[in-house]
There are 2 protein chains.
Amino acid sequence: MLNQVTDLDRVFHALSDPGRRLMLERLSEGPASVSELGRPLAMSLAAVVQHVQVLEDSGLVRSQKLGRTRTCRLNPATLRSAEHWISESRGLIERRLDRLGEYLAESAGSPDPGPAGTAS
Amino acid sequence: MLNQVTDLDRVFHALSDPGRRLMLERLSEGPASVSELGRPLAMSLAAVVQHVQVLEDSGLVRSQKLGRTRTCRLNPATLRSAEHWISESRGLIERRLDRLGEYLAESAGSPDPGPAGTAS
DNA sequence: CGCATACTCAAGCGCATGCTTAACCAAGTG
DNA sequence: CACTTGGTTAAGCATGCGCTTGAGTATGCG
């Protein structure tokens, strides 16, 4: 719950690249080799390897080498932790907005009394 | 569904910074001013403004200036689109793993028949 | 064996990011 | 009015990121 923060850094950063997301989408349909992941991407194999490394460092992907090919597979648990962070924040504010809506509906006409609370 | 991709770039990139996530958590409890968002962050106001700019470009945050203070508030819709992308990928692979589990339970002993499909 | 395949590693390059300081402006406050 | 507070903008700098090339290693195949 605390050092997960730095984990989230890596996860969201990994997710912020369209090429890496494409790899993940591919991986969500089943395991794949490194060169297979990079095939639709128009870049050198070395670059693909670096992307895979980012994904693996983030925990989104795990891989193992069998013979001379490295097989990657998605790790849903890490994906879930990112999803969890988002849904927490989103849930929080949506509940807040709901309550605000009710409040405004009840006492229509009054301005927001104190949205931020401690305003120094 | 298509040009959302570049939007997701910005959203996930915005989420990849711990300071920005802290701002979002703050914002999920209600609107706040720029200097208020930056108070716990140990950096100059100018830097905070730049972070807010990133959040706003991503669509995660909207703001309006009233008097001399800019008030920021969270936009749950954008948060939801990021959550949606993740849950899609995660759902896909978890269903796949479930099916694989059933398959392995039924015909125990057989190897995976063809996980990637088109292996060229 | 020789040759292709599938990476792996290191160095380097250009550009973006994250921050700083400094100057500036506008809005409240005494 | 002077002064402070809150924010904006621009310039500059250090670091990191994404990619390349080039060389090397290990595996599979005929």
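Every read-out reported here was derived from the displayed coordinates using simple, explicitly stated rules and does not represent laboratory data. Computed from a predicted model, the values in this text were never measured in an experiment. Glycine also receives a Cβ, built like all others from the backbone with ideal geometry; neighbour counts cover every protein chain displayed.
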### Query
Per residue of B:11-23, what is the mean number of Cβ atoms on other protein chains within 10 angstrom of that residue's Cβ?
5
## Note on the structure
Rounded to the nearest 0.05, FRET efficiency between B:Ser35 and A:Ser81 (Cβ-Cβ, R0 30 Å) equals 0.45
### Message
Checking a compactness column here: for the range B:1-106, what do you get for Rg(Cα) / (2.2 N^0.38 Å), N being the number of residues?
### Response
1.41
### Query
Can you give the relative contact order of the range B:1-106 as a percent, counting alpha carbon pairs under 8 Å and 6+ residues apart?
26
### Summary
Shielding of B:84-96 by other chains, given as the mean Cβ count within 10 Å, works out to 6
## Note on the structure
Between B:Met43 and B:Arg96, the FRET efficiency computed from the C-beta separation at R0 = 35 Å comes out, to the nearest 0.05, as 0.20
### Task
Between the label point of B:Arg95 and that of the same position in each other copy, find the distances and list them shortest first in nm, with every label point placed 7 Å from Cα along the Cα-to-C-beta direction.
3.0
### Query
Any idea how far apart A:Arg68 and B:Lys65 come out in nm if each label point goes 7 Å out from Cα toward Cβ?
6.2
### Summary
Short to long, in 10 Å steps from zero, the percent of alpha-carbon pairs of the range B:1-61 per bin is 23, 53, 19, 4
### Task
Put a label point 7 Å from Cα along the Cβ direction on B:Arg39, then list its distances to the equivalent points in the other copies in nm, shortest first.
5.6
### Query
Once you put a point 7 Å from the Cα of B:Gln50 and another 7 Å from the Cα of A:Thr6, both along the Cβ direction, what distance in nm separates them?
2.3
